[in-house]
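Asker: Below: one structure in structure tokens.
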Amino acid sequence: MKRAVCPGSFDPITYGHLDIIKRASAHFDQVVVAVLENRTKSSLFSVAERIEMIRETTSNLSNVIVDSWSGLLVDYCKSNDIQAIVKGLRAVSDFDYELQMAQVNLQGSGVETMFMATAPTHSFLSSSLVKELAHYGGDVSTMVPPSINEALKLRVAGK
Ligand code: PNS
């Protein structure tokens with residue numbers, strides 16, 4: 001079985017993530033969306049909340065499952081028989097960091113990273129930008145599914 005992981009913090013999941021997950025699911029037997037810790041970021045939603053949001057918004061994709069992991073991504077891949085890491089590349093600004101991670105992951109474990117070009121409509125989109133806009137009452141309805149938009153409104157209102 002060809003299995004891939006789409007890793008990330010997904011805080012929260014956006015239409016950009018969903019586009020990559022959907023397109024990856026067409027190329028693998030199973031795609032695991034794995035919520036991982038990014039030690040450089042603080043989160044707005046708990047891991048359990050993020051998992052629930054991803055489950056709900058990917059429920060139309062029958063070969064996509066959702067999981068979480070606290071540890072090295074390559075260890076997760078080894079434990080779960082995952083051969084490929086799939087990442088979206090938005091712009092050249094993503095490239096340097098993503099290339100470093102891909103090379104470290106390859107060297108440490110032999111797990112391949114495959115980059116997919118983000119759809120041009122999502123090239124500026126990030127969870128951080130969505131959170132910043134939502135915090136100041138900006139409209140993020142074109143960036144996240146309606147249920148995520150509602151969850152964001154409640155969370156920035158302190159609920
Ligand atoms: O959505 P993000 O925050 O850009 O995702 C980054 C993430 C979580 C995929 C990355 O930080 C990660 O892989 N964390 C797990 C720990 C790990 O394996 N670090 C080594 C990467 S070289």
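The values are calculated or read from the model by the stated rules, or taken from the named source; none is laboratory data. Quick caveat, the model's predicted, so the values are computed rather than measured. FYI the Cβ positions are ideal-geometry reconstructions off the backbone, even for glycines, and counts take in every protein chain you see. Areas reflect the complete protein model, heavy atoms only, side chains present, ligands, DNA and RNA absent. Shrake-Rupley method; radii C 1.70, N 1.55, O 1.52, S 1.80 Å.
Asker: Quick check: from the Cα gyration tensor, does the range 64-146 come out rounded (a/c under 1.5), prolate or oblate?
Answerer: Prolate is the answer for the range 64-146, as a/c is 1.5 or above and a/b outweighs b/c.
Asker: Also, quick follow-up: What shape does the range 1-85 have by the C-alpha gyration tensor, where a ≥ b ≥ c are the square roots of the eigenvalues, rounded means a/c under 1.5, and otherwise prolate means a/b greater than b/c and oblate the rest? If you can, show how the numbers build up before the last one.
Answerer: Numbers: a/c = 1.92, a/b = 1.17, b/c = 1.65.
Verdict is oblate for the range 1-85.
Asker: Now for a different question. Considering only His27, Trp69, Thr58, whose Cα is most displaced toward the positive end of the charge dipole of the range 1-84, charges sitting on Cβ of Lys, Arg (+1) and Asp, Glu (-1)?
Answerer: Going by the Cα projections, it comes out as His27.
Asker: Using only protein heavy atoms and a 1.4 Å probe, report how much of Ser93 is accessible, in Å² to the nearest 10.
Answerer: My reading of the accessible area for Ser93 is about 100 Å².
Asker: Per the helix-only calculation at 222 nm, which mean residue ellipticity applies to the chain, given -39500 (n - 2.57) for every DSSP H run of n ≥ 4 and division by its residues, nearest 500 deg cm²/dmol?
Answerer: -13000 deg cm²/dmol
Asker: Let me ask something additional. Under Stokes-Einstein, with the Kirkwood radius over Cα pairs standing in for Rh, what whole-number D in µm²/s applies to the chain at 20 °C and 1.002 mPa s?
Answerer: The calculation lands on 134 µm²/s.
Asker: Sort out for me the Cα centre separation of the range 49-88 from the range 112-159, rounded to whole Å.
Answerer: 19
Asker: A follow-up question, please. Fully extended, how many nm does the chain gain between Thr121 and Asp29 (0.36 nm per residue separation, minus their Cα-Cα distance)?
Answerer: 30.4 nm
Asker: Evaluate the charge dipole of the chain about its Cα centre and quote only its size in Debye, nearest 20, assuming +1 on the Cβ of each Lys and Arg and -1 on the Cβ of each Asp and Glu.
Answerer: That gives the chain a dipole magnitude of about 120 debye.
Asker: Can you pull the accessible area of Asp29 for me, 1.4 Å probe, Å² to the nearest 10?
Answerer: Estimated to the nearest 10 Å², Asp29 gives 80 Å².
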